[in-house]
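Student: Sharing a structure below in structure tokens format, with a few things to ask.
Values quoted throughout were computed directly from the atomic coordinates according to the rules given, and no laboratory measurement underlies them. Quantities reported herein were computed from a predicted structural model and do not represent experimental measurements. Cβ sites come from the backbone with ideal geometry, for glycine too, and all protein chains shown count toward neighbours.
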There are 2 protein chains.
Amino acid sequence: MPPPIWLMRQAGRYLPEYRAIRAEAKGFLYLCYDPAMAAEATLQPVRRFGLDAAILFSDILVVPHALGLAVTFEDERGPEVERVGSARDLDRLDPTAAVSRLAPVFETVRRVRAALASDATLIGFAGAPWTVATYMVEGGTSRDFAATKRWAFSDPEGFGRLIDTIETATIDYLVAQVAAGADVVQLFDSWAGVLADEDFERWCVAPTARIVAAVKVRADVPVIGFPRGAGVLIDRYAAATGVDAVGLDTTVPLAWARDVLQPKVTVQGNLDPLLLVTGGAAMERRARAILEALGRRPFIFNLGHGVVPETPPDHVAALVACVRGWRP
Amino acid sequence: MPPPIWLMRQAGRYLPEYRAIRAEAKGFLYLCYDPAMAAEATLQPVRRFGLDAAILFSDILVVPHALGLAVTFEDERGPEVERVGSARDLDRLDPTAAVSRLAPVFETVRRVRAALASDATLIGFAGAPWTVATYMVEGGTSRDFAATKRWAFSDPEGFGRLIDTIETATIDYLVAQVAAGADVVQLFDSWAGVLADEDFERWCVAPTARIVAAVKVRADVPVIGFPRGAGVLIDRYAAATGVDAVGLDTTVPLAWARDVLQPKVTVQGNLDPLLLVTGGAAMERRARAILEALGRRPFIFNLGHGVVPETPPDHVAALVACVRGWRP
């Protein structure tokens, strides 16, 4: 049997049917909170390509939004989040109220589950606390995460309260996604790769471990963790967070993933999204190398990062055929 | 003996005496090509902090500039480089003429060597071909290196000619720096961390290995390689490029560096520049952890990335004192 395949950001701008919905929606957040449109966006790539899993169409920044912060998405500039600059700002955030504000997302999950074939997996998700915190502290994406690091380094107790706030909301959010029908949840720690030893432990590993433990108690579903860019520290993450599977970014060497990680956890990844743009023999050669290295032990085929808008949909179809045609 | 210490981007905007020179210069490139000013900028941090090495004040983009491309630096927007989009554009570039255009840089090296104490090391440098190529293909910095990867994936022969062109110019450039007085050279591969297995081998390891071999034949100085963000693949880089020392970015775990890398090469790094901004006990605790882990075998204390403009100069002085006060 070939491994299952789904793709991070498999719903999105590279699909004409998605662009049609997006043009109708009043904004990106509006789309995330409209259950009919979000369910349709979630289902489109599964319908078109016969992928093994649907991933909820949403964004990791709905959590800061539900915590009470202004969040805006401009296609050109990237997301902007109302800044949280100090421990004092935290008093404005109410983590226990956040989940009720996310009710439309759970309705989306219910609709997708009802429409999805019973043998297809529905994946819910959230951002991991460190990554979500960087958006809240920087006000958006960042090159060097200067403000977040300076806060974490100089006032770890205050910064820890921010992490705790996000963590509390995230646990409730993931548990409610499962209650609504999600079979698996993934934690995206997109900026895990900027922290060193003890800071990685404190701000990535520990909050993730607490979320995984709480989700396991209250919801009992597999959890995939994606500590993007964490390099050598992915091993520590796999060993210490309790996740069932670890997502590998594009640069994780296959032999190392096979020898060091796969004995501990299922691995998921890691084709370069730009190879999916390139397509053809180069894409298929690398896809087969990934399958040969990782496909004989617990493995989920995926990209190492999200699908980019320039991706020709035909290349996705070719990739799915390539993976489905492989035999261990 | 404590290990030697210098800091990447130790000359720069965080120093008032640098800002004074920069205000006089007509532009950043002008400063790089003015031997009197560039020598002064190089010497300033050594004079102020008593660092063990001076690193030539220059920029990795002088090589594309010397190859004939327009290069501009705007403080706000980052560098812009005239784009090289295809193999056809390569005919405009003349790698053998590049070194003669860089004559002012060699004059800077001579002046610094003459002014520097004989026991202080003078480090020359260049960008590694992959990193320099990304600037030439993207036209500047990039988030996902889409254009560079697409070219490399879809037309490896054509892209290989670009890499060869940069490589040829870089060898001549480094050899000439040594002839002018550099004691050591460092290759900055700032974007090494975005390539996977075979592409890392082809576009980072192989060109670096060829440059190191050529420099060793013609100049016989130690070479430091800095494959920033390469994670697990730093091990392969250390084993296969022939570099004498490997620079570690901030996220390389100390235990792994000690156990896996240090038996093969000298290591250099890797304090987070944001800890240098933070200063105080947090900075000194991590500096001592680095020294305890790596300071008993061949090691050069440095940051894991360049000094940032917000750095208080007093923190640099405190860091130097902390390193000098440590005993193995």
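Student: With a cut-off of 8 Å between alpha carbons and a minimum separation of six or more residues, what is the relative contact order of the stretch A:16-325 in percent? Show your work: numbers first, answer last.
Tutor: On the way: 519 pairs, mean separation 42.3, N = 310.
The normalised contact order for the stretch A:16-325 reaches 14 percent.
Student: Defining the label point at 7 Å along Cα→Cβ, can you sort the distances from residue B:100 to the same site in each other copy, shortest first, in nm?
Tutor: So the label point of residue B:100 gives 7.8 nm to the other copies.
Student: If each of residue A:23 and residue A:73 carries a label point 7 Å out from its Cα toward its Cβ, how far apart are those two points in nm?
Tutor: A separation of 1.8 nm, rounded to one decimal place.
Student: Can you tell me the length gained on complete extension of the stretch residue B:289 to residue B:13, counting 0.36 nm per residue apart and subtracting the Cα distance?
Tutor: Details: separation 276, 0.36 × 276 = 99.36 nm, distance 2.81 nm.
Result for the pair: 96.6 nm of gain on full extension.
Student: Next question. Would you please report the Å³ per residue occupied by the convex hull of the alpha carbon atoms in chain B?
Tutor: On the way: hull volume 39.4 nm³, N = 328.
Expressed per residue, the convex hull around the Cα atoms of chain B is 120 Å³.
Student: What fraction of the DSSP beta bridges in the protein assembly as shown is antiparallel, stated in percent and rounded to the nearest 5?
Tutor: Working: 10 of 58 bridges.
The answer is about 15 percent antiparallel.
Student: Please build a GNM for chain B, connecting alpha carbons under 10 Å apart, and tell me which residue among B:76, B:201, B:107 fluctuates the most.
Tutor: Its mean-square fluctuation being the largest, the pick is B:76.
Student: Now for a separate question. For the stretch B:133-139, what does the Karplus curve 6.51 cos²θ - 1.76 cosθ + 1.60, with θ = phi - 60°, yield as ³J(HN,Hα) per residue in whole Hz, taken in order and with x for Gly and Pro?
Tutor: 4, 4, 5, 6, 7, 7, x
Student: Based on the alpha carbons, how large is the Rg to Rh ratio for the stretch A:1-126 when Rh follows Kirkwood? Please report the intermediate quantities before stating the final value.
Tutor: Numbers: Rg = 15.9 Å, Rh = 15.7 Å.
Using Cα coordinates only, the ratio equals 1.01.
Student: For A:145, A:28, what's the fewest-to-most ordering of other Cβ within 10 Å of each Cβ?
Tutor: Working: A:145 20, A:28 17.
Lowest count first: A:28, A:145.
Student: Measuring from the lowest to the highest alpha carbon on each principal axis, how far does the stretch A:259-328 reach, largest first, in angstroms?
Tutor: The Cα atoms of the stretch A:259-328 stretch 36, 23, 15 Å along the principal axes, largest first.
Student: Can you give the FRET efficiency to the nearest 0.05 for residue B:327 and residue B:47, using r as the Cβ-Cβ distance and R₀ = 25 Å? Write down the numbers at each step before the final one.
Tutor: Numbers: r = 26 Å, r/R0 = 1.05.
With a Förster radius of 25 Å, E is 0.45.
Student: Two decimals is fine: what is log10 I(q)/I(0) at q = 0.15, 0.21 Å⁻¹ for the stretch B:191-328, from a Debye sum with one equal scatterer on every Cα and no solvent?
Tutor: One equal scatterer on each Cα of the stretch B:191-328 leads to -0.75, -1.20.
Student: Now, a different point. Please get the size of the charge dipole for the stretch A:16-325, origin at its Cα centre, with Cβ charges of +1 on Lys and Arg and -1 on Asp and Glu, quoted in debye to the nearest 20.
Tutor: Working: 31 positive and 39 negative charges, 128 e Å.
Value, rounded to 20: 620 debye.
Student: Among the trypsin sites (Lys or Arg not before Pro) in the stretch B:241-315, which ones are in a DSSP loop with at most 14 other Cβ atoms within 10 Å of the Cβ? Mind listing them?
Tutor: Numbers: sites: B:258, B:264, B:285, B:286, B:288, B:296; in loops: B:264, B:296.
The qualifying sites are B:264, B:296.
Student: Separate question: Cut-off 10 angstrom, C-alpha nodes, Gaussian network model of chain B. Which of B:229, B:295, B:85 fluctuates the most?
Tutor: Most flexible of the set in this elastic network: B:85.
Student: Determine ³J(HN,Hα), in whole Hz, for all residues of the stretch A:319-324 in sequence, where each value follows from phi through the Karplus function 6.51 cos²θ - 1.76 cosθ + 1.60 and θ = phi - 60°; x replaces Gly and Pro.
Tutor: Working through the residues one at a time gives 5, 4, 4, 5, 5, 5 Hz.
Student: Anyone know which of A:194, A:81, A:217 comes out most mobile in the 10 Å Cα GNM of chain A?
Tutor: Comparing A:194, A:81, A:217 in a Gaussian network model of chain A, the most mobile one is A:217.
Student: In addition: Count the DSSP beta bridges whose two residues both fall in chain B, then state the antiparallel fraction as a percent rounded to the nearest 5.
Tutor: On the way: 5 of 29 bridges.
Just about 15 percent of them are antiparallel.
Student: Please find the FRET efficiency linking residue B:117 to residue A:1, where r is the Cβ-Cβ separation and R0 is fixed at 60 Å, and quote it to the nearest 0.05. Present the calculation step by step, with values, prior to reporting the outcome.
Tutor: Working: r = 68 Å, r/R0 = 1.13.
That pair, residue B:117 with residue A:1, gives E of 0.35.
Student: What value, in deg cm²/dmol to 500, does the helix sum -39500 (n - 2.57) over DSSP H runs of n ≥ 4 give at 222 nm once divided by the residues of chain A? Don't skip to the answer; put the middle values down first.
Tutor: Values: 15 runs with 158 residues, N = 328.
That comes out to -14500 deg cm²/dmol.
Student: Let me ask something else. By count of other Cβ within 10 Å, fewest leading, how are A:159, A:226 ordered? If you can, show how the numbers build up before the last one.
Tutor: Details: A:159 23, A:226 30.
Final ranking by Cβ density, sparse to dense: A:159, A:226.
Student: Now a separate question. Which residue of chain B is nearest the rotation axis onto chain A, counting by its Cβ, and what is the distance in whole Å?
Tutor: Of all Cβ atoms in B, the one closest to the rotation axis yields B:231, 1.
Student: Take the Cα radius of gyration of the protein assembly as shown and divide it by 2.2 N^0.38 Å, with N its residue count; two decimals is plenty.
Tutor: So the protein assembly as shown has a normalised radius of gyration of 0.97.
Student: So which lysines can residue A:216 reach, going by Cα to Cα under 26 Å and dropping same-chain residues fewer than 8 places off?
Tutor: The reachable lysines, counting only those whose Cα sits under 26 Å from residue A:216, are A:264.
Student: Volume per residue, Å³, of the convex hull around the alpha-carbon atoms of the stretch B:100-144?
Tutor: In the stretch B:100-144, the Cα convex hull volume per residue is 118 Å³.
Student: Relative to the other copies, what are the label-point distances for residue A:143, with labels 7 Å from Cα along the C-beta vector, expressed in nm at one decimal and sorted shortest first?
Tutor: Listed shortest first, these distances are 1.4 nm.
Student: How large is the Kirkwood hydrodynamic radius of the stretch A:130-243, in angstrom, based on all distinct alpha carbon pairs? Please report the intermediate quantities before stating the final value.
Tutor: Details: mean 1/r = 0.0697 Å⁻¹.
Taking every pair of different Cα atoms in the stretch A:130-243, averaging 1/r and inverting gives 14.4 Å.
Student: Treating only the Cα positions of the stretch B:202-242 as identical point scatterers, give the base-10 log of I(q)/I(0) from the Debye formula at each q in 0.17, 0.23 Å⁻¹.
Tutor: Debye intensities relative to I(0), on a log10 scale: -0.43, -0.73.
Student: Extending each Cα 7 Å along its Cβ direction at residue A:240 and residue B:91, get the distance between those two points in nm, one decimal.
Tutor: With each label point 7 Å from Cα toward Cβ, the separation is 5.7 nm.
Student: Further question on the same structure: Which order do B:197, A:314 fall in if you start with the one that has the fewest other Cβ atoms within 10 Å? Don't skip to the answer; put the middle values down first.
Tutor: Details: B:197 20, A:314 9.
By the 10 Å Cβ count, ascending, the order reads A:314, B:197.
Student: At residue B:317, label 7 Å along Cα→Cβ: distances to the other copies, nm, ascending?
Tutor: Going from nearest to farthest copy, the values are 6.9 nm.
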